[in-house]
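Before any comments, here is the structure.
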Amino acid sequence: MADRHRVVILGGGFGGLYAAKALKRAPVDLTVIDRRNYHLFQPLMYQVATGSLSPGEIAAPIRGVLNRQKNTRVLLGEVVDIDPVAKEVSLKDGATCPYDSLIVATGSKTAYFGHDDWSKWAPSLKSVEEATMIRHKILVAFEAAERSADPAERKAWMTFVIVGAGATGVELAGALGEIAHRTLKHDFRSINPADARILLVDAGSRILPTYPETLSRKAVKSLERLGATIRTGMMVTEIDAEGVTVKDDAGHERIAARTVIWAAGVAMSDFGRQLAQRTNAEVLKPGRIRVNPNLTIPNFPDIFVIGDLAYATKPDGTLLPGVAQVAIQGGAYAAKTILKRMKGQRDSKPFHYFDKGDLAVIGRGAAVANIFGFQLSGFPAWLVWLFIHLMYIVEFQSRLLVFIEWGFLYLTSNRGAMLITGSAGSKSLNESKPLQMTAHD
């Protein structure tokens, strides 16, 4: 056992998990290290943030997923450093882990473009904690508006700004429109939730910029039917507790909003920066490490970098997107290459990403999809989106629960996880002026 090839995988996301599964019968000692004990189905995070699903329905314990792989151990820990010459990684608690082959799938973190202080007021969707925080902010906003007697304050509570009009921003805007127009339709007495102002703000010229323009236009129409307003060509210059300041060619505009959600970009993870420094790897925008065609770092053929951290390109030179499918295929490719090397064979052909297309859901029964060159919208696209997302959820039990929740949501518009959790709720509500009660009330 001591002379078996040691493979270490950093990260239990899509790339790391699929790489581990590809090595389940290999004659290796496999170690998977993650600072969380669970795999998170990132594409459905916005549904946790908007109360459609609970965190446990899109997360699966990594140990449970890999417990039948006898060659695999899972370690809970945060990797903070690497010695690429000695071939070992260091954990935050001081422990070290040696390797013969290393697969780095640590992903990315949220980019606030030099304004990290904005994260206090505009959480992103990178973790379960952030998703539940966003759910908290959305629901407390309606509660505070219900209690407020000041029209200006009530309007600020009922204004929701989403920064970033990629797939995540569009899906969040659609879900918020569903909440305002359907889920909460009959729940309040002093406010009409449908009066909520939902603003989708982006510095680009159109929403869903990686999709064909025709699908972007259809997405705009679907969002507008749900009451959302699209503001493209708008750059955010300030975010604080009271709202957002945006800028376009006409000048600055102040938007009073108590709920701001950030969906505008990603940056290199802290370990990614350390890895680049230790290996003298080239870092290219948007914070990715340039890799060889076989996904290894130049001069370090034993270190594979996959997913959001890798600057890998298509044959035409365009950067591969930071989506789950790229990470999944990269993880499987790295595992296959390691197995070939162990058998004394030459590396596989350069990594080639098979683009299966893009999907974004916009409310109940509506989506846009660019699949294998075919463009779909409306209910057919929604069915494709539903099937694909169910297929890639790791655990069967979670697939069943999510399917039931989605069926319930489609038939009734009710969301099963509309809970205000955490102790900050009372503070947020106390920030609003109390509603003046009358005999009629």
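The numbers here are math on the coordinates, done by the rules we state, and not lab data. The shown structure was predicted, so the numbers you read here are calculated from the model rather than taken from an experiment. Neighbour counts are summed over all protein chains in view; Cβ atoms, including those assigned to glycine, are modelled from backbone coordinates with ideal geometry.
Annotations
- D (Stokes-Einstein, µm²/s), Kirkwood Cα radius, region 31-180, 1.306 mPa s at 10 °C: 87
- Annotation: amide H-H contacts under 5 Å for residue 199 (H modelled 1.01 Å from N, sequence separation of 5 or more, or interchain): 160, 161, 162, 229.
- Residues with amide H under 5 Å from that of residue 82, placed H, sequence gap 5 or more: 90
- Region 94-175 gives an Rg/Rh value of 1.16, both radii derived from C-alpha positions and Rh following Kirkwood.
- For region 213-363, the Kirkwood estimate of hydrodynamic radius, built from reciprocal distances between every pair of different alpha carbons, is 18.8 Å.
- Label corresponding to Rg/Rh (Cα atoms, Kirkwood Rh) when calculated from the structure given, among (1) 0.96; (2) 1.00; (3) 1.06: (2)
- Order of 110, 337 under a 10 Å beta carbon neighbour criterion, fewest first: 110, 337
- Loop-located trypsin sites (Lys or Arg not before Pro) in region 53-132 (DSSP state other than H, G, I, E, B) with a sparse environment of at most 13 neighbouring Cβ atoms within 10 Å: 68, 70, 92.
- Counting neighbouring beta carbons within 10 Å and listing from fewest to most, the residues 5, 115 come out as 115, 5.
- In order along region 244-255, the phi-based Karplus estimate (6.51 cos²θ - 1.76 cosθ + 1.60, θ = phi - 60°) of 3J(HN,Hα) comes to 10, 10, 10, 9, 9, 4, 7, x, 8, 9, 9, 10 Hz; Gly and Pro are listed as x.
- Here the translational diffusion coefficient of region 136-205 follows from Stokes-Einstein with Rh set to the Kirkwood radius across Cα pairs; for 4 °C and 1.567 mPa s it amounts to 103 µm²/s.
- As a rough footprinting exposure proxy, the listed residues 34, 302, 83 were ranked by other beta carbons within 10 Å of their own, and the order from fewest upward is 83, 302, 34.
- Fraction of beta bridges assigned by DSSP in the chain that are antiparallel (%, nearest 5): 50
- Rounded to 10°, Cα long-axis angle of helix 324-342 versus longest principal axis of the chain: 10
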